[in-house]
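The values are calculated or read from the model by the stated rules, or taken from the named source; none is laboratory data. Quantities reported herein were computed from a predicted structural model and do not represent experimental measurements. Using ideal geometry, Cβ is built from the backbone for each residue, glycine included, and neighbour counts are taken over all protein chains shown.
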Amino acid sequence: MAALVFGAAACGDSGGSSDGTLRVWAGAETPVKPNFNPYSPLALASSLGSIYEPLFIFGRQQGSEPVGLIGDSFAFSPDGKQLTVKIKPGLKWSDGTPLTAKDVAFSFNYEAKHPESVGLTSAAAPDDSTAVLTFARPQFAKKVVLLQFTPIVPEHIWSKITDFATFTNEKPVGSGAYVVDSVSSGSYTMVANKNYRDYDGLGVKKVQYIGINNNQSAQDLLSAGKLDWAGFFVPNPDSVTANGTIQYTNQAQDPTTLFTCSSAELGCTGPQTDPAVRQALNAAVDRTAIKDKAFSGLAKEVSPTMIVPTRDRAMIADPANLISPQKPNVAEAGRILESAGYVKGGDGFYAKGGVPLEIKLLSADGATDLVDTAKLVVTQAAAAGIKLTYSTAQPAQLTSLRQSGNFQLIVMNVAGTAVTDPYQVYSEWFGGLSFGSTSRVGTTPPAGRFNFVRYNNAVVDDALRAVQSTDDEATVKKQYGVIQTEIARDLPYIPLVLSPSLAFYNAKDYTGWVTKDNDYADAPPWTGMHAGYVLTQLKPKK
């Protein structure tokens, strides 16, 4: 089907479409269904960023300043309970209606109704250029969530919508650089928004998002010069770049881990609830072998702090927690287990109190890199006397088991953060019951919270609250150090590698891409707000 959707945008092997259209892989969004609702999980890729913008974009690098999109400046009150945002003058929606602070207040008041909201008590617009957000508790640590991940929508349209969740919004009106031109079953096309604040500065005036059912088809189109931007895993990316048109960047930031249902107190069952078992597994795994064999050498070294050790080194308090061990230490794994009362039997596996140390391991069926990782971990654990029984599950089934806590071990990724502040990862993935980020086994954690491992540590929760309440960098780093010490010891997620995140782009015909040397945003085209910003930075080569 992919070959049928190009039309006038088709081209030869030299790269670049004949009519100046930038061709983007939309993922397996086939058949394409028009849904541009920024609040819907079924929204098409361009909905966030290209159509609906946030107030600011925050860069990936330490010390980078946020870029104002709709927003011009922001400031917290001394107690962190009020955030005042000034917006840029003269902004318009794509239908020509003025965009004012009233639209900003309206958008945040909708967000406040969500169960996972950050405690917003009011959002007001004292004048057309000022929005004031008031909270029940300090929100210093939430500035990226508030300012980069909240889509601003037009009040004059959305105030008439009774059900935000089901509205498909087929003719969206936004503030972003692009508007919808056409939608077919195989692709959809965006053209430049003539009311965009920097319309004349846009180098790309037309973008076609192409639905392609599988990675191999997308790879073939890239190699043939029929795609300009895509993001997916390719075991041998050099085969794609051989044509001289396409280059790639690898922003490894999501830790591939062993999710462990860790808290017996919250209902987890199995040997993995014992911290000693988790520590022994951590010592037993061969991360170098996993990186080379399961990820074709494209994965990166992971940190027990669960943040990017190269980019975020300044946020890691203890140098001992910079990198997880890369080679297995079977002797250390045995020492840990034996100190905890486990005894190795004649079959080479450990037991305690006559109960074999045997743990069930799952991964998603069809996820080749994770399946290969799981198989390697089984062998590596066995060498240390830990028996893992492995099976795969369909993605939907695995999601259900993960959410309910009815699992022992799962090979799965933790979503990393595109910015250097790890608060989002620590609060959403490690916050306990008192912080509202997890739940007892048999129930689902609150929406927008991802502590599926049921990690429940009061020290971590207290440190997260301390981070929320201050904007003092030294205090924040000290509290992050507290969190890092706890999670590196307890290992509710056993980190294996940083999963590769490959983005392929047409460097022959366009400049402005995210590269290793210009790492200003998330590089793949499916990254929402960042992807929309990247499009505005592209320029065709003369």
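Quick check on the range 147-190: of everything there that is in a helix (DSSP H, G or I) and either free of Cβ contacts under 8 Å to residues at least 40 places away in the same chain or out of contact with any Phe, Trp or Tyr (no Cβ under 6 Å at 6 or more places or on another chain) (or both), which residue is surrounded by the fewest Cβ atoms within 10 Å (Cβ to Cβ)? Don't jump to the end; show me each part of the working.
To start, the set of residues in the range 147-190 that are in a helix (DSSP H, G or I) comprises 147-148, 155-158.
Among the residues that remain, those that are also either free of Cβ contacts under 8 Å to residues at least 40 places away in the same chain or out of contact with any Phe, Trp or Tyr (no Cβ under 6 Å at 6 or more places or on another chain) (or both) are: 156-158.
Numbers: H156: 15, I157: 18, W158: 19.
Among those that are in a helix (DSSP H, G or I) and either free of Cβ contacts under 8 Å to residues at least 40 places away in the same chain or out of contact with any Phe, Trp or Tyr (no Cβ under 6 Å at 6 or more places or on another chain) (or both), it is H156.
Please go through the range 444-471 and give me each residue that is over 18 Å from I410 (Cα atoms), part of a loop (DSSP other than H, G, I, E, B) and modelled with pLDDT of 95 or more, ordered by number.
N456, N457
Output the residues belonging to the range 515-538 that are among the hydrophobic types (A, V, I, L, M, F, W, C), surrounded by fewer than 23 Cβ atoms within 10 Å (Cβ to Cβ) and modelled with pLDDT of 95 or more.
L538
Return only the number of the condition from (1) more than 30 Å from A463 (Cα to Cα); (2) surrounded by 15 or more Cβ atoms within 10 Å (Cβ to Cβ) that Q139 does not satisfy.
(1)
Just to be sure before I move on: is A466 free of Cβ contacts under 8 Å to residues at least 40 places away in the same chain, assigned by TED's automatic domain parsing to the domain that holds I336 and among the aliphatic types (A, V, I, L, M) in the structure I sent? Talk me through it step by step, then tell me what you get.
Numbers: free of Cβ contacts under 8 Å to residues at least 40 places away in the same chain: yes; assigned by TED's automatic domain parsing to the domain that holds I336: yes; among the aliphatic types (A, V, I, L, M): yes.
The answer is yes for A466.
Among the residues of the range 106-127, are any modelled with pLDDT of 95 or more, closer than 30 Å to T30 by Cα and in contact with a Lys or Arg (Cβ under 9 Å, 6 or more places away or on another chain)?
no
When you scan the range 49-66, do you find a residue that is touching a Pro at 6+ places or on another chain (Cβ under 7 Å), at pLDDT 95 or above and of a type in the set (A, V, I, L, M), even just one?
Yes, there is a match, as at least one residue in the range 49-66 is touching a Pro at 6+ places or on another chain (Cβ under 7 Å), at pLDDT 95 or above and of a type in the set (A, V, I, L, M).
Pick from the range 500-514 the residues that are among the small types (G, A, S) and closer than 30 Å to L55 by Cβ: which of them is surrounded by the fewest Cβ atoms within 10 Å (Cβ to Cβ)? Walk me through it before giving the result.
Residues of the range 500-514 that are among the small types (G, A, S), as a first pass: 501, 503, 507, 512.
With the extra rule that they be closer than 30 Å to L55 by Cβ, the set shrinks to 501, 503, 512.
Numbers: S501: 21, A503: 24, G512: 17.
Within the range 500-514, the match that is surrounded by the fewest Cβ atoms within 10 Å (Cβ to Cβ) is G512.
Take Q397 and decide whether it is surrounded by fewer than 24 Cβ atoms within 10 Å (Cβ to Cβ), free of Cβ contacts under 8 Å to residues at least 12 places away in the same chain, over 18 Å from the mean Cα position of the chain (by Cα) and in the same structural domain as I290 (by TED's automatic domain parsing).
Details: surrounded by fewer than 24 Cβ atoms within 10 Å (Cβ to Cβ): yes; free of Cβ contacts under 8 Å to residues at least 12 places away in the same chain: yes; over 18 Å from the mean Cα position of the chain (by Cα): yes; in the same structural domain as I290 (by TED's automatic domain parsing): yes.
Yes: the conditions hold for Q397.
Are any of the residues in the range 222-229 assigned by TED's automatic domain parsing to the domain that holds D517, of a type in the set (S, T, N, Q) and touching a strand residue (DSSP E or B) at 6+ places or on another chain (Cβ under 9 Å)? Let's see the steps before the verdict.
Keep residues of the range 222-229 that are assigned by TED's automatic domain parsing to the domain that holds D517, which gives 222-229.
Narrowing further to those that are of a type in the set (S, T, N, Q): 223.
Now restrict to residues that are touching a strand residue (DSSP E or B) at 6+ places or on another chain (Cβ under 9 Å): 223.
The answer is yes, given that some residue of the range 222-229 is assigned by TED's automatic domain parsing to the domain that holds D517, of a type in the set (S, T, N, Q) and touching a strand residue (DSSP E or B) at 6+ places or on another chain (Cβ under 9 Å).
Do you know which residues across the range 406-455 are closer than 18 Å to G119 by Cα, of a type in the set (A, V, I, L, M, F, W, C) and buried (at least 22 other Cβ atoms within 10 Å of the Cβ)?
Once the filter is applied, which keeps residues that are closer than 18 Å to G119 by Cα, of a type in the set (A, V, I, L, M, F, W, C) and buried (at least 22 other Cβ atoms within 10 Å of the Cβ), the range 406-455 yields only F435.
Got at least one residue in the range 278-288 being modelled with pLDDT under 95, touching a helix residue (DSSP H, G or I) at 6+ places or on another chain (Cβ under 7 Å) and closer than 23 Å to Y426 by Cα?
The answer is no, given that none of the residues of the range 278-288 is modelled with pLDDT under 95, touching a helix residue (DSSP H, G or I) at 6+ places or on another chain (Cβ under 7 Å) and closer than 23 Å to Y426 by Cα.
So, of the residues in the range 373-421 that are of a type in the set (D, E, K, R) and assigned to a helix (DSSP H, G or I), which turns out to be nearest to A331 (Cα to Cα)? Steps first, please.
To start, the set of residues in the range 373-421 that are of a type in the set (D, E, K, R) comprises 375, 387, 402, 421.
Then keep just the ones that are assigned to a helix (DSSP H, G or I); that gives 375, 402.
Details: K375: 21, R402: 32 Å.
Residue satisfying both the conditions and the ranking: K375.
Any idea which residue in the range 491-542 is farthest from the chain's Cα centre (by Cα), counting only those that are over 21 Å from N243 (Cβ atoms) and assigned to a strand (DSSP E or B)?
K539
When the residues of the range 207-233 are narrowed to those that are in a loop (DSSP other than H, G, I, E, B) and in contact with a helix residue (DSSP H, G or I) (Cβ under 6 Å, 6 or more places away or on another chain), which ends up surrounded by the fewest Cβ atoms within 10 Å (Cβ to Cβ)? So that I can check it myself, show each step before the final result.
Our first condition is that a residue be in a loop (DSSP other than H, G, I, E, B); within the range 207-233, this holds for 211-214, 224-228, 231-233.
If we keep only those that are in contact with a helix residue (DSSP H, G or I) (Cβ under 6 Å, 6 or more places away or on another chain) too, we end up with 212, 227, 232.
Values: I212: 25, L227: 31, F232: 20.
The residue in question is F232.
Can you tell me which residue is nearest to P66 (Cα to Cα) among those in the range 136-146 that are basic (K, R) and in a helix (DSSP H, G or I)? It would help to see each step written out before you state the result.
Filtering the range 136-146 down to residues basic (K, R) leaves 137, 142-143.
Pick out the ones that are also in a helix (DSSP H, G or I) and you get 142-143.
Working: K142: 14, K143: 11 Å.
Among residues in the range 136-146 that are basic (K, R) and in a helix (DSSP H, G or I), the one nearest to P66 (Cα to Cα) is K143.
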